[in-house]
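Every number in this text was worked out from the coordinates using simple rules, so none of it is lab data. Values in this document were obtained by computation on a predicted structure and should not be read as measured data. Note: ideal-geometry Cβ built from the backbone for every residue, glycine included; neighbour counts use all protein chains shown.
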Amino acid sequence: MLRFDHLCKSYRTGPTEVHALRGVSGSIPAGASVALCGPSGSGKTTLLNICGLLDPSYTGELYLNDRKVPTDARARTRMRRDRIGFIFQCYNLIPVMTAFENVEYPLLMLGLSKAERYKRVAEMIDGVGLAKHACLRPDQLSGGQQQRVAIARALVKQPKLVIADEPTANLDTATAHQVIDLMRDLGREVGSTFLIATHDPRMTGRCDRVCTLHDGLLAEDQDALENESTVCGPKEAVCAG
């Protein structure tokens, strides 16, 4: 469902050239949840940004649903809008909008009818257990409730891929488990694939697979740099950091 071949990304910090990704290859089957682990600076955020079509300045090839990601900026924007959802560590909800309006916003960009938008949002808000809080703004919700709104917003358009960056980092254990279960259950309902950057063992323990990045390489690549078809490792893989 998601495949990346020999991804490389470098940038300069003053006179120093930093190799954020050094030929990373892997694949994630449709409907799977993959935890992406590794210490700070290992390349996790870079890989998320590339797979989420936020960063076009890389070499290598990226495929979504067996379709090569286009290089044209407008085509990439359409693919990101239509097929990818995002869950952020800091929620990134629009403060002047209610929970309902925040979840509805991606559907406005898709041009769906008012009736279809209302149906989808109502179902998703109910699915994350916030039907009674739909008219509240983010500052009237707890952190866990805000994260549930963010999950609903990411999934309401039924994306093929969901990119999540430390989605449980700011949550207590009970709320984190609720959020993980919601992501898993709702993701299965809409058939979404999850790529999740995390240091949280509560999250990695419930993902289908764990991939470990270190110094811009997957753990498997470090053991065999000449292997050209590394697939993300099994759930039992140990996360670094």
**Asked** Cα centroids of the stretch 4-73 and the stretch 93-160: how far apart, whole angstrom?
**Response** 29 Å
**Request:** Could you work out the local net charge near Leu136, counting Lys and Arg as +1, Asp and Glu as -1, over the other residues with Cβ closer than 13 Å to its Cβ?
**Result:** +1
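With the alpha-carbon atoms as the only input, what is the per residue convex hull volume for the stretch 69-179 in Å³? List each step's numbers first, then the result.
Numbers: hull volume 11.9 nm³, N = 111.
Per-residue hull volume (Cα only) is 107 Å³.
Under unit Cβ charges (Lys, Arg +1; Asp, Glu -1), what dipole magnitude, rounded to 20 debye, does the chain have relative to its Cα centre? Display every interim value, and only then the final one.
Values: 29 positive and 28 negative charges, 197 e Å.
Dipole about the Cα centre, nearest 20: 940 debye.
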**Prompt:** Pick the calculated semi-axes √(5λ) of the Cα gyration tensor in Å for this structure from (i) 38, 26, 13; (ii) 24, 20, 18; (iii) 31, 20, 16?
**Reply:** (iii)
**Message:** Which one, Leu47, Leu7, Val121, is farthest towards the positive end of the dipole of the stretch 1-146 when Lys and Arg carry +1 and Asp and Glu -1 on their Cβ?
**Reply:** Leu7
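For Tyr11, what charge total do you get from the other residues with a beta carbon under 14 Å from its beta carbon, if Lys and Arg give +1 and Asp and Glu give -1?
Numbers: positive: Lys9, Arg12, Arg22; negative: Glu17, Asp55.
Here the count lands on +1.
Could you work out the Kirkwood radius for the stretch 113-169, taking every pair of different alpha carbons, averaging 1/r and inverting it, reported in Å? Numbers along the way, then the final one.
On the way: mean 1/r = 0.0825 Å⁻¹.
Final number for the Kirkwood radius of the stretch 113-169 is 12.1 Å.
Do any of Lys44/Lys132; Lys44/Lys119; Lys68/Lys119; Lys132/Lys157 go past 28 Å between their Cα atoms, and which? The partial results should precede the final answer.
Numbers: Lys44/Lys132 36 Å; Lys44/Lys119 36 Å; Lys68/Lys119 32 Å; Lys132/Lys157 22 Å.
Over 28 Å apart, Cα to Cα: Lys44/Lys132; Lys44/Lys119; Lys68/Lys119.
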**Item:** Antiparallel bridges, percent of DSSP beta bridges restricted to the chain (to nearest 5)
**Value:** 55 percent
**Message:** Run the simple label-point estimate for Arg78 and Glu189 please: 7 Å along Cα→C-beta, distance reported in nm.
**Reply:** 3.0 nm
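To the nearest 20 debye, what charge dipole does the stretch 67-199 have about its Cα centre, counting +1 at the Cβ of each Lys and Arg and -1 at the Cβ of each Asp and Glu?
Dipole magnitude for the stretch 67-199 comes out near 740 debye.
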**Request:** Quantify how much of the Cα-Cα distance distribution of the stretch 1-49 extends past 13 Å, in percent.
**Result:** 64 percent
